[in-house]
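Asks: Have a look at this one.
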Amino acid sequence: MEYGVAEIKSCETQDCVQQAIGRAFLTAHLLTASTAQAEDAVMVALDSWEPGEEDAEALLQRTLATAAGQIDSGPAAQDSTEQDVPGFVPRDLQAVLRLPARLRQCYVLRILAGQPREVCASLLDLHPQQVDQYASAAMQCLPVMKRCSGAFEYLVWKGRMAWRD
């Protein structure tokens, strides 16, 4: 039996390119909590990506590196207080945007993007153990946030909660 290096499957079809861009944008948006920073990160990554020669993972890696580099330079460095969650963020992931910044960043890179903790630590300028601690804390917070968010939406829908001026 012979073993060799697995061939990297290039992203040659339009469908593959669209899926790769969509995944890169969603992940960058969750990482930065900023639509503008996510767009910038994807655009920078696209400038150096060769879809006919590289796979979708190469685009994602470039996008994550660019987005992580933007974190300290923009509003995403703070906790996200943005309440208007765009419709393109799946309902199950909307609570991620409400996590405190460090928890969100570690959760997105380590859990959702599946990056090794050393890579996450390097991108976020943290110690690898901190990455795991923050990601773990995020996993403990998310179920509570999802339940609270659902209860709030239910009360508003039922008309039991009214806004006061």
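The values are calculated or read from the model by the stated rules, or taken from the named source; none is laboratory data. On a predicted model such as this, the values are computed, not experimentally measured, just so you know. Neighbour counts run over all protein chains shown; Cβ positions are idealised from the backbone, glycine included.
Asks: Does VAL144 satisfy the criteria of being surrounded by fewer than 20 Cβ atoms within 10 Å (Cβ to Cβ), modelled with pLDDT under 95 and not small (Gly, Ala, Ser)? Talk me through it step by step, then tell me what you get.
Replies: Working: surrounded by fewer than 20 Cβ atoms within 10 Å (Cβ to Cβ): yes; modelled with pLDDT under 95: yes; not small (Gly, Ala, Ser): yes.
Yes.
Asks: Check whether at least one residue in the stretch 70-79 is closer than 19 Å to ALA28 by Cβ, within 14 Å of the chain's Cα centre (by Cα), assigned by TED's automatic domain parsing to the domain that holds ASP40 and modelled with pLDDT of 85 or more, and report yes or no.
Replies: Looking for residues that are closer than 19 Å to ALA28 by Cβ, within 14 Å of the chain's Cα centre (by Cα), assigned by TED's automatic domain parsing to the domain that holds ASP40 and modelled with pLDDT of 85 or more, one finds at least one in the stretch 70-79, hence yes.
Asks: Turning to a different aspect of this structure: Only residues that are touching a residue at least 40 places away in the same chain (Cβ under 8 Å) and either crowded, with 23+ Cβ neighbours inside 10 Å or under 18 Å from GLN61 (Cβ atoms) (or both): list them for the stretch 99-124, please.
Replies: The answer is LEU99, ARG104, GLN105, VAL108, LEU109, LEU112, ALA113, GLN115, LEU123, LEU124.
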